[in-house]
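Take a look at the structure set out below.
The values are calculated or read from the model by the stated rules, or taken from the named source; none is laboratory data. Keep in mind it's a predicted model, so treat the numbers as computed, not measured. When we count neighbours, we look across all protein chains shown, and the Cβ atoms used for this are built from the backbone with ideal geometry, even at glycine.
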């Protein structure tokens, strides 16, 4: 529908929108506040004069709408409202940061600057402009959380008016919203806005699904309201008899959450049993809130039987966002499960307004806000400004939507971690050095594996060792961004040291082969071994995965490789300086491992989906043909996983040069004091060799044993066999190939 309003109509509408924004502000505004907001409004209106939105409307409609969300729905203060009105001025007009600072002060200018997009970026194919913008916004979060809250309001209004954009733009913006902004709103306690962002995101990414669910919700509205009324009547008299002042509200699950449940459970709309919840909001003094919540819970469960597995107590232990509520699921009339949320007016206000309500109830002391602990966690992600923008967003995403568990230190201090966290996450939460030297863990007094999944209420003790270092396998065990970034940092440092040693080894070996160690030969070797960088080459020589026989093969085929080098150079544009160190390890994932322990098993590919290395896959144990590998999106995947879940094996691709292989040695010798210690010392002193199993039996001065170790390649096995044979008292040592 074409936009047809006159200039006179537009002026009236601008005045109406501005007055409506001021009328319903959450904070109480003084005359000075209103004067500052008016000044910002008039400045923004003048700055954006003549500018139009894609819909044809005056551009100023957008800043007023964002300011309205900030003032009414999020409930922020005067500076935030003014900053929201001015948020596009630096980006879209000739005014600068200095102009804003001189007119409105340093605080508002800093917020506006944090909201200003990066307009000039290298057009590098590896850089996402959206990721860079998001990163800049988060870096400003260190100074002022209001930046991110206003940015969410800005995205919220853009989503509300997305119909004016081209279809491809709609899908892109909606996808970004679902990827970043909806989980971010959730994590900051803006649950109503989060729900709307998800619904609007679904509307443009899967419109048919969205409208199908919307129509079904509309059709069932009368029936739903009747059910809520029937449910409420049963408990109203009991609540009134106890003297409660309360409200009972029905709340339909969002379209997005219904869609999510339909997809995850493989059910239809009619089979989603908890499509709505009932919220009981009661009046109470802060002192009596907790007592009254449990009293109401008792009343509800007197009338309806509760599901004991669906009780959630976020009053005793609020979420890190400060969210407080008591949730239970009960069996309602007609045999239907109903979620009941019990919260005071104060708790409800915090649930709806988040940060602003905390600010109000904590008397302006932001340090006491429920957001503070989470914001401190975010600073771990922000500490490394040099990280790639995409990795930055991925690490940040690890902390979003994370369901929390609460565990205890040996001293009884409570710590919050995301659901699925392991002892390694806990170790890094305590201190980086504790994480780096974590050798084992005790949970509730018992020794557990490092991949043990922690549960709320666990008491965790970390066992450290000065010789312990982070391992590559740890990256698959941890859930927190802090742990991942610390592990990656140490691994990169080790890779650099191994590569430096490999560079010297390679130079020496090439001299023996009478080949010059220069840029030309290094580039030839990079291509010969199908690697990405010279760093990859040096690293693989350093860890022994490139052996002498392979280098001799290169030397014998050098003339052919020389020709191939130039062909590949034209294709790939490889121009690397010999001394350049690239902190990147090749992504040549060529080995498939199965299960939590990354076992190397025999397998074959299926013809139905033809997976290749790098695809997301799983293993399926057949009756007569062993393990068959399927892609996750294989046409048969849903059927197999639903009917034969017990036969499914998790699988992933790893880099065979960085993944350990198990090898077992049979050792026979003369029993002597310290002999076993000498054997284990030689094994432990070898780089990247771990003892996985040790079984020794001694009888009348004679001993025989088996030792299973983890090695990187055959070269390490040969070296170990040679060194063990030299130990006095060892009669025989051989590798068991079975």
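Descriptive notes on the structure:
- Every listed requirement among (1) modelled with pLDDT of 90 or more; (2) surrounded by fewer than 17 Cβ atoms within 10 Å (Cβ to Cβ); (3) closer than 30 Å to residue 169 by Cβ is met by residue 58 save one, (2).
- No other residue among 197, 184, 178 is out of contact with any helix residue (DSSP H, G or I) (no Cβ under 6 Å at 6 or more places or on another chain), in contact (Cβ under 8 Å) with a residue 24 or more places away in the chain and in a helix (DSSP H, G or I) apart from 184.
- Looking only at residues of the stretch 327-369 that are in a loop (DSSP other than H, G, I, E, B) and in contact with a helix residue (DSSP H, G or I) (Cβ under 6 Å, 6 or more places away or on another chain), we find that the one that is modelled with the lowest pLDDT is 369.
- Within the stretch 466-481, if we keep just the residues that are part of a helix (DSSP H, G or I) and in contact with a helix residue (DSSP H, G or I) (Cβ under 9 Å, 6 or more places away or on another chain), the residue that is surrounded by the fewest Cβ atoms within 10 Å (Cβ to Cβ) turns out to be 475.
- The stretch 624-643 residues that are over 20 Å from residue 612 (Cα atoms), paired with ones that are modelled with pLDDT of 75 or more and in a loop (DSSP other than H, G, I, E, B) (beta carbon under 8 Å, 6 or more apart): 642/266
- Any strands (runs of 3 or more DSSP E) falling wholly within the stretch 594-646 and containing at least 2 residues that are crowded, with 17+ Cβ neighbours inside 10 Å and modelled with pLDDT of 75 or more: 617-621, 627-631
- Of 563, 541, all but one fail to be in the same structural domain as residue 504 (by TED's automatic domain parsing) and at pLDDT 85 or above; the exception is 541.
- Residue in the stretch 27-48 that is touching a strand residue (DSSP E or B) at 6+ places or on another chain (Cβ under 8 Å) and without any contact (Cβ under 8 Å) to a residue 60 or more places away in the chain present: yes
- Enumeration of residues in the stretch 77-86 that are surrounded by fewer than 24 Cβ atoms within 10 Å (Cβ to Cβ) and either in a loop (DSSP other than H, G, I, E, B) or at positive phi (or both): 77
- When the residues of the stretch 264-299 are filtered to those that are assigned to a strand (DSSP E or B) and under 29 Å from the mean Cα position of the chain (by Cα), the one that is farthest from residue 345 (Cα to Cα) is 276.
- The residue pairs whose first member lies in the stretch 218-236 and is surrounded by 11 or more Cβ atoms within 10 Å (Cβ to Cβ), whose second member is in a helix (DSSP H, G or I) and modelled with pLDDT of 90 or more, and whose beta carbons are closer than 8 Å, counting only pairs six or more residues apart or on different chains, are 234/303; 235/299; 235/300; 235/303.
- Only one entry of 89, 145 meets the criterion of being assigned by TED's automatic domain parsing to the domain that holds residue 61, buried (at least 16 other Cβ atoms within 10 Å of the Cβ) and modelled with pLDDT of 90 or more, and that entry is 89.
- Condition check for residue 504: over 24 Å from the mean Cα position of the chain (by Cα), outside the structural domain of residue 684 (by TED's automatic domain parsing) and either farther than 16 Å from residue 407 by Cβ or in a helix (DSSP H, G or I) (or both): yes
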